[in-house]
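Worksheet: one structure, shown below.
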Amino acid sequence: MTESYARGTTEVPLIEETIGDFFDAMVGRQPDALALVSRHEGLRFSYRELQAAANQLASALLRTGLEPGDRIGIWSHNNAAWVQMQLATAKAGLILVNINPAYRTAEVEYALNKVGCKALVTMPRFKTSEYLGMLRELGSARLPQLKNIWWIDREGDADEAGAQRFSKLLASGDAADPRVREVQKTLKATAPINIQFTSGTTGFPKGATLTHRNILNNGFFIGECMTLTPADRLCIPVPLYHCFGMVLGNLACLTHGSAIVYPNDGFDPLTVLETVQAEKCTGLHGVPTMFIAELDHPRFAEFDLSSLRTGIMAGSPCPTEVMKRVVERMHLSQITIAYGMTETSPVSCQSSTDTPLEKRVSTVGTVQPHLEVRIVDPESGAIVARGERGELCTRGYSVMHGYWDDEPKTREAIDTEGWMHTGDLATMDAEGYVNIVGRIKDMVIRGGENIYPREIEEFLYRHPKVQDVQVVGLPDRKYGEELCAWVIPKPGQQLTEEEVREFCKGQIAHYKVPRYIRFVDSFPMTVTGKIQKFRIREQMSAELGLTADKTA
């Protein structure tokens, strides 16, 4: 039997430098090349200018009393301040904590306190999210370790109570501050540099802790798969708080001397199309729903997208017809598919620019350089034969440092031989292409966002009228999956869908609020009393006329 095991090439050596050192070397090679375009802010930076801004911000942060190893949060959609923070914290040895902009009060309180954030840079507000309002509501009593809040201001903005201007912070730094260089010299590539929260099966998010070595190398090899060069301009409409934006986007560009292009702060298909045309972008990232929104935009035909060549589609499986349209109508003949998880920095498998189309739509590519993947029987742990399904495990430089302050959960995820257990069911074909066929864990992926039903269940249990609740994912044409909650009210209590939604409002992210809510007397169970979630899925799918099973 041929085992479901593959090892990536090792021809190109791993980078053993810190992000700051590698970036500075790139600046030295091409100081005047375009590094960053933030269209919605009207900002453009050369590599030298971006370096100066990062050094000035690193200087300013160190002057506030922050020290290497301290945690600082970033709670914002895409903008120039985000990437400046990514580089400045790496140079100052501070650990950047990515806070999801969809988080509400309970979630941001948990995240900031879990990792002990001493400072936070935030947007003041976005659409219906009042970030500073939420922070004021929490106050210093509920965020005891948070000493400084800086809000990303624009010229002419009025002052905000309880927070300082980011522009003032930046102005307090010195781009030539010798302390930045001194601190940078002491940093190790294996030191933690970034914390990203992943939805927790226990009901609480876990802080996946990543090092310079983890994300710098992953960004580099992702860029290699896309054959990026200094001539490329990559349009990044995916959020920076995810690895998709900050590693597959920012770091893939910065390790290849390419230009980063942000079309907007949040996703908007029209600004993506306008930006690709105006900036002559050669690459475009997105989850399938983003590409669909761009293709189906009523003004799609007005735009010249002929400069496009490559990019990445990831986050959820890509429908074959969508991929064909992306290749034919958006000129993305060399678009690649990537698979990974936050805990693996994130990509472990990726197709390349010359992978045949049928392999690009039916698989997630092959193992990345310097990594190993294997598919094992979830019960016995034995490697299965090629073509057989089992749990996908990955090992190598990309595996996270661990979950912040959670040794037991780290040991559950990473075994004694260093293999990260993904919880995904997969197969591997004769050529080593991996296909994701389902999930061992009960995770739901809605529009590229990973959601663990347990987290939603534990939140809904807090409602005074809820006796029991079960949450499942149902198939959805637009988002891939949508949440459905079955609720058993407490005896004698009347509960409405509106009451449940109101309870969620402002407390949990909008994408975690169940779309479908049903009130029931009992759940389908096995004879041993185990709840059969698949029966809930089947029953709801039949009732709503949803045909395909979510893992089909």
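The values are calculated or read from the model by the stated rules, or taken from the named source; none is laboratory data. Everything quoted here is computed from the prediction, not taken from an experiment. Cβ atoms come from the backbone with ideal geometry, glycine included; neighbour counts cover every protein chain shown. When the accessible area is computed, the model is the full protein with side chains, heavy atoms only, and any ligands, DNA or RNA have been set aside. Shrake-Rupley method; radii C 1.70, N 1.55, O 1.52, S 1.80 Å.
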* Rg/Rg_ref, the chain, where Rg_ref = 2.2 N^0.38 Å and atoms are Cα -> 0.95
* Structure fact -> A 1.4 Å probe over the protein heavy atoms gives the stretch 197-247 a carbon and sulfur accessible-area percentage of 59
* When the Cα centres of the stretch 437-477 and the stretch 102-181 are compared, how far apart do they sit, in Å? -> 30
* Structure fact -> Taking a crude spin-label model, label points 7 Å out from Cα along the C-beta direction, the ASP521 to GLU458 distance in nm is 3.2
* Counting Lys and Arg as +1 and Asp and Glu as -1, each charge on the Cβ, what is the dipole of the chain about the Cα centre in debye, to the nearest 20? -> 580
* Asked: Normalised by the residues of the stretch 1-148, what does the relative contact order come to in percent, with Cα pairs under 8 Å and at least six apart?
  -> 19
* Normalised by the number of residues in the chain, what is the relative contact order in percent for Cα pairs under 8 Å and 6+ residues apart? -> 14
* Rounded to whole Hz and in sequence order, give me ³J(HN,Hα) for the stretch 212-222 from the Karplus expression 6.51 cos²θ - 1.76 cosθ + 1.60, θ = phi - 60°, writing x for Gly and Pro. => 3, 4, 4, 7, 5, 5, 5, x, 5, 6, 5
* State in Å² the accessible area per residue of the stretch 246-289; use a 1.4 Å probe, count heavy atoms of protein chains only, and round to the nearest integer. => 18
* For HIS285, distant residues with modelled amide H under 5 Å away -> CYS235, ILE312
* **Residue among ALA252, PRO263, GLY286 farthest towards the positive dipole end of the stretch 242-300, charges placed on Cβ** => ALA252
* To do: Can you tell me the dipole magnitude for the stretch 401-508 around its Cα centre, using point charges on the Cβ only (Lys, Arg +1; Asp, Glu -1), in Debye to the nearest 20?
  => 440
* Find the relative contact order for the stretch 180-285 and round it to a whole percent, using C-alpha pairs within less than 8 Å whose residues are 6+ positions apart. => 24
* Structure fact -> The distance between the Cα centres of the stretch 14-39 and the stretch 360-375, in whole Å, is 28
* To do: Please report, as a whole percent, how much of the solvent-accessible surface of the stretch 342-451 comes from carbon and sulfur atoms (probe radius 1.4 Å).
  => 45
* With every protein chain left in place, what is the accessible area per residue of the stretch 378-503 in square angstrom, probe 1.4 Å? -> 47
* Eligible aspartates and glutamates near LYS91 by straight Cα distance, threshold 19 Å, same-chain separation 8 or greater -> GLU16, GLU17, ASP21, ASP24, GLU49, GLU67, ASP70, ASP174, ASP177, GLU182
* Which percent of the Cα-Cα distances in the stretch 305-417 go past 23 Å? -> 40
* Asked: Which ³J(HN,Hα) values, rounded to whole Hz and listed in residue order, are derived for the stretch 466-474 from phi using the Karplus coefficients 6.51, -1.76 and 1.60 in 6.51 cos²θ - 1.76 cosθ + 1.60 with θ = phi - 60°, glycine and proline given as x?
  -> 8, 8, 8, 8, 10, 10, 10, x, 10
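Obtain the radius of gyration and the Kirkwood radius of the stretch 103-148 from its C-alpha atoms and give Rg over Rh.
0.93
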